[in-house]
Amino acid sequence: MLLAVSWCVLFSANSAASHSPNLVISHSDVPAMKKALSVEGSFTDAFNKVKDKVDTQLAQAINIPVPKDSGGGFTHERHKKNYRLMYDAGIVFQLTQNERYAQYVRDMLLEYAELYPTLPLHPKRKKGKTNPGKLFWQSLNEAVWLVYTSQAYDMILSSLSEADKNKIETGLFRPIVKFLSVDSPKTFNKVHNHGTWLTAAVGMTGYVLGELEWVEQALYGLDKSGKGGFLRQLDELFSPEGYYNEGPYYQRYALMPFVTFAKAIENNQPERKIFAYRDGIILKAIDTTIQLSYNKLFFPINDAIKSKGIDTIELVHGVAIAYGFTQDTDFLDIAKQQDQVILTGDGLKVAQALDDGLATPYQFKSKAFGDGADGKQGALVIMRQKSRGQQALLFKPAAQGLGHGHFDKLTWQFYDNGHEIVSDYGAARFLNVEAKSGGGYLPENNTFAKQTVAHNTVVVDENSHFNGKVKTGNKHHPELLFFAKSKQGSISSAQIDTAYQGVSLKRTMALVKLPEINKPLAIDIFDVNSDKKSHQFDLPLHYQGQLIDTNFVLNTATQSLSALGHKNGYQHLWLTATSQPEKGLAKVTWLNENGKFYTQTAIVDGDTEALFTRIGANDPSFNLRNESGFIYRKKAAKQHRFISVLEPHGQYNPAKEFTVAAQSTITKLTHHIKGDIELVEVGLTTGQSYLLAFNRSLAKKTNNTFTYQDNNFSFNGQFKLFKLSNK
């Protein structure tokens, strides 16, 4: 309460206009930003580009259309363009003090102030949903509009007459704040990225208009009880390490309101120490967002568009704010890759530091990012290797991820040489392409992309995890048994017994580098156990590339295709070939567009089917990508253990007409359990063998001893890779 009183006294003595701008850009930032424009540099270059763009628009008539289109349509995109133009023109006004830029923003805001009070709910709103908008089809977009527009207003406030301010605030800002808060309580108080955008928009507008009550409601919920609001979102949506519950794609999207509102809080109420809140959770979230990427693109788990990466504007702002606050030069490496300079005080610091060559290499890590507010609701595990093109293995024993989560417990993905090798479909959506369901999520997002068979994890009886129920999934999560790393690689194990009634799933994955030949291997052990009934167990693997070879005969469909099943995603898979490999090692080799071969070598028992698939069945509008995969199927079983190794090898160069090492080098794959020690031996065509040993017990991690092939071994820690004698 003391903080609120002191801030209120400040605003009773000084108008908001006298302190503008004071959101993400503060009035104390402006002199340095102006001074920077007097010399050549990347900040000046960025300013000139923005100014040129705004100058072009100033020569055109202002266009404020009556809303009628959903995402991607003309009116939707026009209103998005307008908030960006107002924001940019406001910055140009601050840095030039040329009134015509302020007048442009003023004139546009006055037109919005005439239009907004007349608007009903958007005609393309989702019927029955609690989050409709007026300018846009959902209130989320309305909040994004207000986050930017409140900053534009803040930057021209000092130039406005009292009459203009009164009309703009009465006709636009006060009605839109009421609509997003009092009139939208469920969304405003929701612990979700929609709620974050709404609270940020209302809180930032509160700072501009001097409405402390709005700020308090934004921070603590409409009733200011703390059961909702921005701080509750910081408490619940991020793990202690800064991992966002909905996954990397929505982490970068939600990052914008978190960092912009936090910056506004810091500039207006530094005594709140918002960047220290919850042990610096906002700065951790920025760094974690970067860590959740590979080759500049975010790992596409849950509802994700695969083309989103670290150059997204949300993370550009996040990196600038993080560097401005910490002066950590590793952030400059990411800023350099983003190749964008934003016109803020922190953006100036980044630009000048890059011009001075201060960037240091950002360090990507192998790490288990705990999920949930307490960090104990499973984890998202990233294993990285730096041999032959920076491999990364993503293992997902994470929580459901709310409504944007997929039913894919214990799934995995693999990346090599800058490319996706073992893939996740991501979202079935063409973002902002109006012809494809208005740019929103396609029906196949629910019928295929979210279903378990669309991922690389076990499906029981052709039913998805949690029977495809989000509410059930949100109540349960895997248990991360362990994660460990060393110079030899990384290993992790997790389990869940609630994805299916009476069935437990346990998976252990390792990414290790064989010493002499510098070859990384992804080792996979998947245990499925049923307490009473027999079941069908399917383990799919979806890959990117062209099938090259199998070491077993395929019965290929050459004249007609049929769907693999009737529901839960199976109806969207064409069955392209079948086989039943003989007992021993089954090999599937494909060629990725990176010019490398990949072979999955699996232990099979002679009673396991291999089913080859292609996405696209029952897809009348061609909404799905036609990607390939294969499934190992075990029928009528109570227990089964799927064991495999993924091996990158060779090179194919059609331009120079050469092929090297197109064949797998793995000749032996065995698995043994000796008490608490689990062993996987991999033999190569060179005659050399390697033994991965790990302690499967959580209680004992030191002084591990075991006997293998009449030899005694010992190791400390969770795992070790041994080189066996040549045979």
For a quick check of your reading of the model, give me the residue pairs whose first member lies in segment 425-452 and is under 26 Å from Ala499 (Cα atoms), whose second is aromatic (Phe, Trp, Tyr) and in a loop (DSSP other than H, G, I, E, B), with beta-carbon atoms closer than 7 Å and at least 6 apart or on different chains. Ala449/Tyr425; Lys450/Phe407; Gln451/Phe407; Thr452/Phe407
Residue by residue through segment 616-636, note down the ones that are part of a strand (DSSP E or B) and either modelled with pLDDT under 95 or among the charged types (D, E, K, R) (or both). Arg633, Lys634, Lys635
Checking the structure you have, find out if any residue of segment 356-372 is open to solvent by less than 10 Å² (accessible area, probe 1.4 Å), at pLDDT 95 or above and more than 19 Å from the chain's Cα centre (by Cα). no
Result of the Cβ filter at 6 Å on segment 116-132, keeping first residues that are closer than 23 Å to Ile64 by Cα and partners that are among the aromatic types (Phe, Trp, Tyr) and assigned to a loop (DSSP other than H, G, I, E, B), at least 6 apart or interchain, is His122/Trp137; Lys124/Trp137; Arg125/Trp137
Take the residues of segment 414-428 that are in a loop (DSSP other than H, G, I, E, B) and in contact with an Asp or Glu (Cβ under 9 Å, 6 or more places away or on another chain): which is nearest to Pro520 (Cα to Cα)? Ser423
Using the structure shown, decide if Val177 is open to solvent by less than 60 Å² (accessible area, probe 1.4 Å) and modelled with pLDDT of 95 or more. yes
Among (1) open to solvent by less than 10 Å² (accessible area, probe 1.4 Å); (2) part of a loop (DSSP other than H, G, I, E, B); (3) not acidic (Asp, Glu), where does Phe395 come up short? (2)
So which residues in segment 15-35 are within 24 Å of Met204 (Cβ to Cβ), modelled with pLDDT of 95 or more, open to solvent by 20 Å² or more (accessible area, probe 1.4 Å) and in a helix (DSSP H, G or I), if there are any at all? Pro31, Ala32, Lys34
Note on segment 36-54: residues open to solvent by 40 Å² or more (accessible area, probe 1.4 Å) and assigned to a helix (DSSP H, G or I) are Asp45, Asn48, Lys49, Lys51, Asp52, Lys53
Output the number of the condition that Asn474 fails; it satisfies all remaining conditions of (1) farther than 18 Å from Tyr250 by Cα; (2) in a helix (DSSP H, G or I). (1)
Please work out if Asn467 is in a helix (DSSP H, G or I) and surrounded by fewer than 21 Cβ atoms within 10 Å (Cβ to Cβ). yes
Could you please let me know if Ala662 is closer than 20 Å to Gln546 by Cα, open to solvent by 20 Å² or more (accessible area, probe 1.4 Å) and under 35 Å from the mean Cα position of the chain (by Cα)? yes
Would you mind stating whether Phe407 is in a loop (DSSP other than H, G, I, E, B), in contact with a Ser or Thr (Cβ under 9 Å, 6 or more places away or on another chain) and more than 18 Å from Leu292 (Cα to Cα)? yes
Is there any pair linking a residue in segment 677-705 that is part of a loop (DSSP other than H, G, I, E, B) to one that is acidic (Asp, Glu), with Cβ under 9 Å and at least six apart or on different chains, and which? Thr686/Glu516; Gln688/Glu516; Arg696/Asp676; Arg696/Glu678; Ser697/Asp676; Ala699/Asp676; Lys700/Asp676
Quick one: in segment 571-588, of everything that is within 26 Å of Phe448 (Cβ to Cβ) and not hydrophobic (A, V, I, L, M, F, W, C), which residue is nearest to the chain's Cα centre (by Cα)? His572
Which numbered condition Asn166 fails, given (1) under 27 Å from the mean Cα position of the chain (by Cα); (2) over 18 Å from Met86 (Cβ atoms): (1)
Of the residues in segment 96-129 that are within 35 Å of the chain's Cα centre (by Cα) and over 23 Å from Thr170 (Cβ atoms), the one that is most open to solvent (accessible area, probe 1.4 Å) is Lys127
Considering segment 213-227, residues that are surrounded by fewer than 20 Cβ atoms within 10 Å (Cβ to Cβ) and assigned to a helix (DSSP H, G or I), and then whichever is nearest to the chain's Cα centre (by Cα), we arrive at Tyr220
Specify which of the listed residues (Ala276, Ala320, Ala285, Ala264) is within 22 Å of Ala368 (Cα to Cα) and either among the aliphatic types (A, V, I, L, M) or out of contact with any Phe, Trp or Tyr (no Cβ under 9 Å at 6 or more places or on another chain) (or both). Ala285
Extreme residue, nearest to Pro120 (Cα to Cα), among residues of segment 58-74 that are open to solvent by less than 40 Å² (accessible area, probe 1.4 Å), modelled with pLDDT of 95 or more and not aliphatic (A, V, I, L, M): Pro67
Does segment 480-487 contain at least one residue that is within 20 Å of Ala602 (Cβ to Cβ) and surrounded by fewer than 24 Cβ atoms within 10 Å (Cβ to Cβ)? no
Just for segment 558-570: of the residues that are small (Gly, Ala, Ser) and open to solvent by 40 Å² or more (accessible area, probe 1.4 Å), which one is farthest from the chain's Cα centre (by Cα)? Ser560
Residue pairs meeting the criteria (Cβ under 6 Å; at least 6 apart or on separate chains; first closer than 20 Å to Leu380 by Cβ, in segment 484-497; second surrounded by fewer than 21 Cβ atoms within 10 Å (Cβ to Cβ) and among the acidic types (Asp, Glu)): Gln495/Glu479
Please determine whether any residue of segment 590-597 is crowded, with 18+ Cβ neighbours inside 10 Å and either in contact with a Leu (Cβ under 6 Å, 6 or more places away or on another chain) or within 28 Å of Pro478 (Cβ to Cβ) (or both). yes
Return the residue satisfying two criteria in turn: it lies in segment 264-313 and is aliphatic (A, V, I, L, M) and assigned to a loop (DSSP other than H, G, I, E, B), and of such residues it is surrounded by the fewest Cβ atoms within 10 Å (Cβ to Cβ). Ile305
Within segment 160-183, residues in contact (Cβ under 8 Å) with a residue 24 or more places away in the chain and not in a helix (DSSP H, G or I) come out as Leu160, Ser181, Val182
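The values are calculated or read from the model by the stated rules, or taken from the named source; none is laboratory data. In this text the structure is predicted, and so the values were computed from the model without any measurement. Heads up, the Cβs are rebuilt from the backbone with ideal geometry, glycines too, and the neighbour counts pull from every protein chain shown. We work out accessible area using only protein heavy atoms, side chains counted, and drop any ligands, DNA or RNA first. Shrake-Rupley method; radii C 1.70, N 1.55, O 1.52, S 1.80 Å.
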